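Reading through the C-alpha cells given below for one structure.
The values are calculated or read from the model by the stated rules, or taken from the named source; none is laboratory data. Remember, it's a predicted structure, so these values are computed and weren't measured experimentally. When we count neighbours, we look across all protein chains shown, and the Cβ atoms used for this are built from the backbone with ideal geometry, even at glycine. Accessible surface is based on the protein model in full, side chains and every heavy atom, while ligands, DNA and RNA are left aside. Shrake-Rupley method; radii C 1.70, N 1.55, O 1.52, S 1.80 Å.
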Amino acid sequence: MPLINNEPAERHTLSLLVDNEPGVLARIVGLFSGRGYNIDSLTVSEVSHDSRRSRITVVTTGAPMIIEQIKSQLDRLVPVHRVVDLTVTGKAVERELALIKVRGKGEIRQEALLIADSFRARTVDTTLESFVFEITGKPEKIDQFVSLLEPLGLVEVSRTGVAAIGRGPDGM
Amino acid sequence: MMREMTGAEMVMQALIDQGVEHMFGYPGGAVLPIYDAMFHQNQVKHVLVRHEQGAVHMAEGYARSSGKAGVVLVTSGPGATNAVTGLTDALLDSIPVVCITGQVPTHLIGSDAFQECDTVGITRPCTKHNYLVRDVNDLARVLHEAFYVAQNGRPGPVVVDIPKDVQFAKGIYVGPENIQHKTYQPKLRGDDEKIRAAVELLAKAKKPVFYTGGGVINSGPEASRLLREFARLSGYPVTSTLMGLGAYPASDKQWLGMLGMHGTYEANMAMHDCDVMLCVGARFDDRITGRLDAFSPGSKKIHIDIDPSSINKNVKVDIPIIGDVKHVLEDMLTTWRGMKAEPDRRAIASWWGEIDRWRARKSLSYAKSPDVIKPQYAIERLYHAVKDKDVYITTEVGQHQMWAAQHFHFEEPNRWMTSGGLGTMGYGLPAAIGAQVAHPESLVIDIAGEASIQMCLQELSTALQFNLPVKIFVLNNEYMGMVRQWQDLLHGGRYSHSYSESLPDFVKLAEAYGGVGIRCSRPGDLDAAIQEMLKSDRPVLFDCIVDQKENCLPMIPSGKPHNEMILPDHPEGLDEAISEEGKIMV
C-alpha cells in the first residue's frame with residue numbers, strides 16, 4: 001500500500017446496495033484488482049428479492065485519499081445504487097461467522113470445550129476425536145478464538161467475512 | 001410505441017429511434033440477422049470497415065466531431081476482441097460509443113463454441129458499462145439505456161452483447177420515450193456554496209490560471225462559449241490539455257498554448273507559479289502534472305468535473321465542484337456578476353508581465369533548414385494552407401501528434417481528434433474517416449507518422465469505397481520517432497527496433513488502393529505539394545519526408561516538475577535530463 005502524502009493506511013468497512021444482475025460482483029471485484037486496491041473481506045447476498053437488490057460488504061485498507069477513490073469509483077458503476085462508508089458514518093455493528101474444526105483426544109478435548117464455552121461458541125459436530133465449533137462475533141474475537149485453538153489441534157477454519165450494518169433507526 | 005418484432009428488427013428500430021444516421025461495422029455469423037434487418041431499411045447508413053478496431057475509432061471520430069454518439073456493430077469472438085482497443089481508447093478519452101456485438105446462441109454460451117468469447121467479461125474493464133441480453137423482451141430497454149449511459153454523465157463506451165437466438169426471437173419493442181434509467185442520474189449542477197467559494201477565490205487571485213480539458217468539449221459548444229466569456233470577463237490566462245484544444249481560441253492573446261509534457265514553457269510555468277488554479281473538465285493526468293509532489297506547489301486548486309472519481313485522484317484540490325462544465329460555468333459567471341467581482345488589475349498586469357517573459361523564450365522554436373523539411377515546418381505550412389477552411393484534424397500517436405498539437409492552432413471545439421489517454425497508434429485514419437462521414441463537405445486531415453499509419457492503413461479501402469476524401473499527411477522520418485527520442489533520453493541512443501525497416505512506397509501504396517499518392521522531400525516544394533493534396537477530391541496519402549533526427553521539444557522529462565523543462569535553445573544534456581526515479585515512468 002503506497003503512502004500518499006505520508007498518510008498511513010486505514011481500515012474501512014463499506015456497504016453497497018447493488019442490482020442483483022449477472023456480473024455485478026465481477027464488476028466490483030474487477031475494479032479492486034484492476035486498480036490495485038485491497039479487499040480484506042467481502043460478503044454478498046440478495047437482500048430484497050422483489051427489487052432484486054443485493055448488499056455487499058467490503059472491508060478494505062488504504063490511505064484516506066485511496067479510500068475516497070475507492071468509494072467514488074464504486075459509486076460510478078452503473079448497477080451500484082448506494083455506497084456507504086460505515087467507518088465514517090459512526091459506529092456500526094460488524095459480525096462474522098466462523099466454523100472451526102479441532103482434532104484431539106483426552107485432556108485436549110476438555111480444554112477445547114472450555115475455551116469454546118468462554119467464547120460462547122456452539123459445538124455443531126462431534127466425533128470421538130474432533131469437534132466443529134460455530135462462533136459469531138467481531139473479526140478480532142474470531143481471530144483470538146482461532147489462535148487459542150491452534151495448539152489444541154486446529155484442523156481447518158471457514159469464515160464468512162464481515163456483514164455490517166449501521167446502528168440507530170436509519171437505513172443506508 | 002410498442003409492437004412485436006424480432007430482436008434484429010429491434011436493433012434497427014432502436015437505432016432509428018435514437019436518431020442514429022450512421023454506423024460502422026463488419027458482418028459475421030453472429031450478427032447476420034441484424035445485417036438482414038439493416039438490408040430492409042434505408043434510414044441508418046452503414047459504413048463497412050476493414051477491421052473492427054477501425055470501426056470503433058471511426059465511431060470515436062464521428063462522435064467527437066459531431067457531439068453525437070458513435071455506433072458500432074461487430075460479430076462475436078474476433079469481432080468483439082478486435083474492438084477492445086477502440087473501446088479502451090473511448091473509455092480513457094470519455095467518448096460516447098455504443099458497440100453492439102453478436103454472440104453465439106444462448107444455449108451454446110460457455111461451451112467454447114465457434115467464434116465464442118466472453119465478450120462482457122473481456123469488455124467489463126474497458127467500457128463504461130456493458131450488457132448481455134438473454135431475453136428479447138429486455139432488448140429494446142437495454143439498447144435505449146445503452147445510449148443514455150454512453151451519452152450522460154462522463155461519456156464513454158457501452159457494449160450490448162446479443163446472442164444470435166435473441167436476434168431471431170420475437171418480442172415487444174418499446175420506444176425510448178418509455179425508458180427512464182432507475183439509478184444512473186449524474187449530477188449536472190454544481191453545489192452553490194462551492195461555486196461561491198470558488199468565485200471569491202478567483203476574484204482575489206493575483207496569479208490565476210485556467211487549466212481546461214476535454215470535459216469542456218464533451219459538455220458541448222455552449223461550454224466553450226462560457227469559458228471564453230469567463231476568460232474575457234476576468235482577463236485571466238488560459239491553457240489546455242491535449243484533449244481540450246479548440247475549446248479556447250488559439251489566436252486569443254490570453255491563450256498560453258497547450259500544457260504538459262510537450263506543452264509550452266509559459267503554460268507550464270504559469271501552472272507551476274500560479275496562486276489559484278481553475279481546472280475545468282481535466283483530470284490531473286501524469287502527462288500534465290509531471291512530478292506529483294512538486295506540482296504547482298503554491299496554488300489553491302478548484303476542480304470542476306462531472307465524475308466524482310476524478311476529484312482528488314492524483315492531486316488534492318481545495319474546492320471540488322461536481323457537475324457539468326456548462327452548468328457550473330454558467331453559475332460561476334452569474335455569481336461573478338452578482339458579486340460585482342473585480343479582479344486585482346495591478347496584480348494581474350504584473351502576472352501577465354511574468355508570463356510574457358516566459359513567452360519570450362519561444363519554447364516552440366526550432367532551427368529551420370533549407371535542405372530538409374523540419375516536421376514542425378511541415379505542420380506550420382499545412383496549417384497556413386488550411387486555416388481558413390472548414391477543417392477537422394485527427395492524429396495518430398507519437399512525435400507528429402505533439403507537433404500537430406503545438407503548431408496547428410484551433411479556434412473552435414470538436415475540430416481536433418486525437419488519442420490522448422490510451423495513446424493508440426492507428427487511431428488517426430479511422431477517426432478521420434468517421435469525422436468525414438459526419439461532415440462530408442468538410443476537409444478532414446489525419447496528421448500521421450509512417451509507423452502509426454501502418455497500424456490501420458487498411459481503412460484507406462473504406463475511404464475509397466464510401467467516397468470519403470480524407471487526407472493523410474504522413475511525417476515520414478523512418479523512425480518510431482517518440483520511441484527513438486526516449487531511447488536518446490534513457491538508453492544512450494541505442495535505437496533498439498525503432499527504425500522502420502522495409503517501409504512501403506507510400507505513393508504506390510495509395511495508388512494501389514485507388515487513392516492519390518504525393519511525395520515531398522524538399523522544403524521549397526512543400527507549399528505546392530500541399531496545394532496539390534488539397535485540390536484532390538479523392539483520398540490522398542501525402543508522404544512528407546522529414547528530418548530523421550528532430551526531437552520533440554520543449555519537454556518536461558519524466559519525473560521532473562513543470563519548472564524544469566528542456567527547451568529547444570538548450571537541448572544539450574538530453575541524455576542526462578532524467579533521474580533514476582524518472583526512468584521507471586513512461
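Couple of notes before you dig in:
- Total residues in the stretch B:143-187, condition touching a residue at least 12 places away in the same chain (Cβ under 8 Å), outside any helix (DSSP H, G or I) and either among the charged types (D, E, K, R) or more than 11 Å from chain A (Cβ to nearest Cβ) (or both): 17
- Count - residues of the stretch B:363-386 that are charged (D, E, K, R), at pLDDT 95 or above and loosely packed, with under 14 Cβ neighbours inside 10 Å: 1
- Any hit, the stretch A:127-138, residues being within 14 Å of chain B (Cβ to nearest Cβ), polar (S, T, N, Q) and not in a loop (DSSP other than H, G, I, E, B): no
- Residues that are within 11 Å of chain B (Cβ to nearest Cβ) and either at pLDDT 95 or above or on the phi > 0 side of the Ramachandran plot (or both), drawn from the stretch A:2-18: A:Asn5, A:Asn6, A:Leu17, A:Val18
- Residue check, B:Pro249 in contact (Cβ under 8 Å) with a residue 60 or more places away in the chain, in contact with a His (Cβ under 9 Å, 6 or more places away or on another chain) and farther than 19 Å from B:Gly61 by Cβ: yes
- Here B:Val47, B:Val31 are screened, and the one residue that is in a helix (DSSP H, G or I) and at pLDDT 95 or above is B:Val31.
- Among the residues of the stretch B:36-69, the ones that are aliphatic (A, V, I, L, M), closer than 19 Å to B:Tyr148 by Cβ and under 13 Å from the mean Cα position of the chain (by Cα) come to 2 in all.
- Meets criteria (away from every other protein chain (no Cβ under 11 Å), within 17 Å of A:Arg76 (Cβ to Cβ) and not in a loop (DSSP other than H, G, I, E, B)) for B:Leu91: yes
- Some residue of the stretch B:434-449 being under 20 Å from B:Phe410 (Cα atoms), among the charged types (D, E, K, R) and open to solvent by 30 Å² or more (accessible area, probe 1.4 Å): yes
- Strands (runs of 3 or more DSSP E) contained entirely in the stretch A:46-117, each with at least 1 residues that are within 23 Å of the chain's Cα centre (by Cα) and over 23 Å from A:Thr136 (Cβ atoms): A:53-62, A:80-85
- Exclusive hit being in a helix (DSSP H, G or I), closer than 23 Å to B:Pro504 by Cα and under 15 Å from the mean Cα position of the chain (by Cα), set B:Ala405, B:Ala432, B:Ala378: B:Ala432
- Unmet criterion (only one of (1) open to solvent by 20 Å² or more (accessible area, probe 1.4 Å); (2) among the hydrophobic types (A, V, I, L, M, F, W, C); (3) touching a residue at least 40 places away in the same chain (Cβ under 8 Å); (4) over 27 Å from B:Gly423 (Cα atoms)) for B:Cys520: (1)
- Set B:Ser234, B:Ser240: member being closer than 18 Å to B:Glu411 by Cα, open to solvent by less than 20 Å² (accessible area, probe 1.4 Å) and not charged (D, E, K, R): B:Ser240
- Residue count for the stretch A:47-75 satisfying the condition of being surrounded by fewer than 21 Cβ atoms within 10 Å (Cβ to Cβ) and at the interface with chain B (Cβ under 9 Å from one of its Cβ atoms): 5.
- Residue that is farthest from the other protein chains (Cβ to nearest Cβ), among those in the stretch B:121-137 that are part of a helix (DSSP H, G or I) and touching a helix residue (DSSP H, G or I) at 6+ places or on another chain (Cβ under 9 Å): B:Val136
- Looking only at residues in the stretch B:294-343 that are part of a helix (DSSP H, G or I) and of a type in the set (Ser, Thr, Tyr), the one that is farthest from the other protein chains (Cβ to nearest Cβ) is B:Thr334.
- Residue, most open to solvent (accessible area, probe 1.4 Å), within the stretch A:76-92, restricted to residues that are within 11 Å of chain B (Cβ to nearest Cβ) and out of contact with any Pro (no Cβ under 8 Å at 6 or more places or on another chain): A:Arg82
- Any hit, the stretch A:29-38, residues being away from chain B (no Cβ under 14 Å) and not in a strand (DSSP E or B): yes
- One residue from A:Glu96, A:Glu156, A:Glu150 being acidic (Asp, Glu), touching a residue at least 60 places away in the same chain (Cβ under 8 Å) and away from every other protein chain (no Cβ under 14 Å): A:Glu96
- Restricting the stretch A:28-46 to residues that are out of contact with any Leu (no Cβ under 9 Å at 6 or more places or on another chain) and open to solvent by less than 30 Å² (accessible area, probe 1.4 Å) leaves a set whose member that is nearest to B:Ile311 (Cα to Cα) is A:Ser41.
- For B:Cys117, the criteria (1) under 33 Å from the mean Cα position of the chain (by Cα); (2) under 28 Å from B:Gly67 (Cβ atoms); (3) hydrophobic (A, V, I, L, M, F, W, C); (4) open to solvent by 10 Å² or more (accessible area, probe 1.4 Å) hold in every case but one, which is (2).
- Unmet criterion (only one of (1) of a type outside the set (S, T, N, Q); (2) surrounded by 15 or more Cβ atoms within 10 Å (Cβ to Cβ); (3) in a loop (DSSP other than H, G, I, E, B)) for B:Leu503: (2)
Let's see how each residue does on (1) open to solvent by less than 20 Å² (accessible area, probe 1.4 Å); (2) not basic (Lys, Arg):
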| residue | (1), (2) |
| --- | --- |
| B:Arg64 | yes, no |
| B:Lys68 | no, no |
| B:Pro78 | no, yes |
| B:Ala83 | yes, yes |
| B:Thr88 | no, yes |
| B:Pro125 | no, yes |
| B:His129 | yes, yes |
| B:Leu139 | yes, yes |
